[in-house]
Structures are given as structure tokens and as C-alpha cells.
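The block underneath contains the structure these notes are about, expressed in C-alpha cells.
Laboratory data are not the source of any read-out in this text; all were calculated from the coordinates shown. Every value quoted in this text rests on a predicted model; they were computed, and no experiment measured them. Here the Cβ positions follow ideal geometry from the backbone for every residue, glycine too, while neighbour counts run over all protein chains shown.
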Amino acid sequence: MNNIFPIFFLAIIAWQCQYPLDDIDQPKKQKFLVVTADLSESYGRILLEYSSEEVEGENINLNTQPLIGIAYVVDGSGNSSYFNTNGEKNTTFHGMAGEAYQLFIEVEGKQYESTIETMPKPPSLDTVDYVFNTKSFLFSTDPLHHGFDVTAHFQDLPEDGNYYQWVWAHYERRRFCGYIADGNVTYGLPCAGDCFSINYNPDLILLSDALVNGQYLDVPILRVSYAAPPLKYYLQIEQRAISKNAYDYFRAVAQQTQNNGNQFDIPSQTLFSTNIQCTSHPDDKVLGVFNLYASNKKILIIDQSVEYPNATRLTIYPDIQPYDPADPLVSVPSIPCGPESRYNTSIVPEGWMD
């Protein structure tokens with residue numbers, strides 16, 4: 001297997017876009033429409049927001065109140081699909097790889113539209129695996145000193161002009177859903193049923209095949225600490241085929257935010273949307289991108305119970321014990337999991353293992 005990807009990845013991501021840092025025409029107060037628009041084979045979602053008018057230093061801050069507007073996409077046959085503008089996933093929408101779509105938005109008396117984008121065809125995600133090793137350049141107290149490197153392997157499509165993104169999600173069963181203080185000691189209260197916390201990749205993982213076209217590629221995804229609990233570390237890894245416009249936008253975001261995971265907390269000199277414009281007010285800027293992707297997903301479970309020579313498994317949780325009242329007649333309350341959200345769910349993930 002040719003492990004050539006890291007060299008090209010560094011070459012691609014390190015390529016710098018230049019933006020003036022002392023632009024005298026940069027307004028001190030400005031407000032932008034912020035668009036999150038994702039279409040995939042399994043759902044579509046659109047979220048409209050405004051940034052605040054205050055520009056603090058080099059950051060544009062989000063006013064997180066969703067806007068009420070009209071948003072719809074038109075496919076290549078002229079069929080329209082409408083979406084709420086609060087970011088809720090519409091799972092009745094199913095995009096098709098190879099189909100063309102265009103986004104239209106009407107909000108607060110202004111009209112916006114995207115360029116016509118085609119949903120790319122994804123290559124198969126062959127395997128995802130992990131290898132234990134020690135990073136000698138990290139201090140022994142660093143959580144990643146001992147750990148697992150997770151890598152995705154796939155065959156790039158033979159034609160030029162393919163662009164990829166990798167997204168991972170780590171599900172973990174919550175130990176407690178509530179806490180109670182007894183003097184100076186804090187105890188955990190059990191969850192009433194299944195409950196999982198969800199974490200996502202903070203970094204944008206991107207690739208253009210411009211320099212590696214048609215090759216078999218090994219893509220570094222993340223490093224997992226050798227730590228417990230849990231003894232079985234659950235990951236969903238999704239490989240997306242994205243458009244050039246989405247790739248260009250996300251790459252600019254990655255370069256300018258130091259991969260902080262927030263694509264809208266970005267310097268005011270950012271590259272604005274690569275494929276959405278305000279047709280009624282052409283000078284208005286838009287943050288965000290019309291993102292079409294088709295994807296393949298793998299589930300990976302890292303066995304943290306294996307003992308490795310000269311390696312110490314970290315305990316990464318605070319020392320919180322389950323609540324156990326001295327009076328056996330006192331019942332311990334169970335706490336509901338809480339509302340379903342991007343970071344919390346009571347739904348057992350696919351392929352879960354305790």
C-alpha cells in the first residue's frame with residue numbers, strides 16, 4: 001500500500017491564499033447572511049442566520065437566531081423541493097449522485113441563488129483501520145503520547161477533478177445524566193435508558209486529487225488516546241465526495257481558522273461564498289456554501305482493553321462515583337437523557353458494542 005497521502009495533503013492544505021490584513025476599505029460594522037445548505041443522498045437541510053453587525057478584531061460573530069425565509073432547490077428536471085430555514089434535517093429529501101441542483105433563497109426582501117451544482121459520485125471507502133503506536137516527540141503526560149492512528153483507505157476515481165472530505169463522529173455511552181452534591185463530594189445519577197454523547201472532528205479533513213489522481217490513498221483521520229473508559233471506542237467515519245466550490249470554500253476556512261472547527265467564526269478578510277450570491281443586492285456578501293455531497297460510511301470500534309508493553313492506559317474521567325445513599329430505602333432517581341440534539345441522543349448508534 002503506498003502511503004503517499006501525507007506529503008500531498010500537506011502540500012495541498014499548506015497552499016496559501018493571500019488576503020490583505022490592512023484593507024482600509026474594510027468596514028468596521030457589517031452584517032452577512034450566513035447560509036448552511038447541505039444536500040446529500042439521505043437528507044437536505046438549510047439554516048439561515050445573520051452575523052452580528054459588530055466586527056470584533058478579525059472575527060465575524062454569529063447571531064444564532066435562525067431567520068424565517070423561503071428556501072428551495074430545483075433539480076435538473078425542474079422539480080422543486082422546499083426546506084425549513086431553521087436547520088432541521090429533511091429526511092424525505094434524497095439527492096442523487098450525478099444530478100444537478102440549484103438553491104434559491106428569499107429572506108427579508110432579498111433574493112439569493114447559487115450556481116448550478118452537480119452532486120458528485122463517491123468512490124467506495126474500502127477500509128478504515130487503526131494502529132497502536134507511541135509518539136516519542138510528545139511528552140509522556142500528553143494524552144496522545146500512547147494512542148491509535150486511524151486511517152481510511154480508498155481508490156481515487158480515475159478521472160481528474162475529484163474532491164473529498166472526511167467527517168467522523170464518536171459516540172460514547174454517558175456514565176451519568178445528572179449529579180448530586182453530598183457535602184463536598186459529587187455523585188453521579190444514572191440515565192433513564194440509553195443515552196449517548198456525540199463528538200465530531202474539530203478539523204476539516206480535505207483532499208483534492210490534483211496530484212494523486214487515480215491512486216490508492218491512505219488518509220489520516222484522527223489519533224485516539226490510549227485511555228479508558230470506554231474500553232470500546234466507537235467511531236463513525238464518513239467519506240464524502242464534494243464539489244470544487246465546496247472544497248475551495250472549506251479549504252479557505254481551514255487555512256484561516258487554524259482548523260478550529262467553526263466555519264463562521266472567521267476573519268473578516270475571508271473568502272466569501274464560492275457559489276451563493278445575492279441577486280437582488282449584488283454587493284451583499286454571503287458566508288457559507290451550497291454543499292452537495294454523496295458519501296460512504298464505515299464503523300470502527302477500537303479495542304482499548306488490549307494491554308500494550310510499556311504503555312499506560314490513561315483514565316480521562318474525573319473520579320465521580322455513582323450515588324449510593326446510606327439508607328437502603330432511599331431510591332436513586334434516574335435522569336432523562338435530555339432532548340435529541342447534534343451532541344446528545346437516546347438512539348443506539350448502528351453497530352454499537354458495549
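For the pairs Lys89/Lys244; Lys244/Lys298; Lys31/Lys110; Lys135/Lys232, note any where the Cα-Cα span goes beyond 19 Å.
Lys89/Lys244; Lys244/Lys298; Lys135/Lys232
Excluding Glu88 itself, calculate the net charge of residues whose Cβ lies under 13 Å from the Cβ of Glu88, where each Lys or Arg counts +1 and each Asp or Glu counts -1. Before the final figure, lay out each step's value.
Working: positive: Arg45, Lys89, Arg342; negative: Asp38, Glu340.
Around Glu88, the surrounding residues sum to +1.
For Ala210 and Asp182, what does the FRET efficiency come to when R0 = 45 Å and r is the distance between their Cβ atoms, rounded to the nearest 0.05?
The calculated FRET efficiency here is 0.15.
List the aspartates and glutamates whose Cα sits under 19 Å from the Cα of Lys297, skipping any in the same chain fewer than 8 residues away.
Within reach: Asp38, Glu41, Asp126, Asp129, Asp149, Asp156, Glu172, Asp203, Asp218, Glu238, Glu350.
Please give the Cα centre distance for segment 29-50 versus segment 61-116, rounded to the nearest Å.
Using only Cα atoms to place each centre, the spacing works out to 8 Å.
For the pair Gln321 and Thr92, what calculated FRET efficiency results from E = 1/(1 + (r/R0)^6), where r is the Cβ-Cβ distance and R0 = 45 Å, to the nearest 0.05?
That gives a FRET efficiency of 0.50.
Do any chymotrypsin sites (Phe, Trp or Tyr not before Pro) in segment 97-202 lie in a loop, going by DSSP, with at most 11 other beta-carbon atoms within 10 Å of their beta carbon, and if so which? Walk me through the numbers before you get to the answer.
On the way: sites: Tyr101, Phe104, Tyr112, Tyr130, Phe132, Phe137, Phe139, Phe148, Phe154, Tyr163, Tyr164, Trp166, Trp168, Tyr171, Phe176, Tyr179, Tyr187, Phe196, Tyr200; in loops: Phe137, Phe139, Phe176.
Passing sites in segment 97-202 are Phe137, Phe139.
Between Leu138 and Ser346, what is the spin-label point distance in nm, taking each point 7 Å from the Cα along the Cα→C-beta axis?
3.6
For Asn162, enumerate residues with amide H under 5 Å from its amide H, sequence gap 5+ or separate chain, H modeled in the peptide plane.
Amide H neighbours of Asn162: Asp209.
Find how much the distance from Tyr308 to Thr279 grows on full extension, using 0.36 nm per residue of separation minus their present alpha carbon separation; answer in nm with one decimal.
The span from Tyr308 to Thr279 would gain 4.4 nm if fully extended.
Taking amide H positions as placed 1.01 Å from N in the peptide plane, with prolines and chain starts having none, which residues 5 or more places from Ser52, or on another chain, fall under 5 Å of its amide H?
Excluding prolines and chain starts, which carry no amide H, the hits are Asn61, Leu62, Asn63.
Any chance you could check the Cα centroid distance between segment 177-212 and segment 144-172 for me, in angstrom?
Spelled out, the Cα-based centre of one part sits 21 Å from the other.
Provide, for q = 0.16, 0.17, 0.19, 0.20 Å⁻¹, the log10 of I(q)/I(0) from a solvent-free Debye sum over equal Cα point scatterers in segment 72-219.
Normalising to I(0) and taking log10 leaves -1.14, -1.18, -1.26, -1.30.
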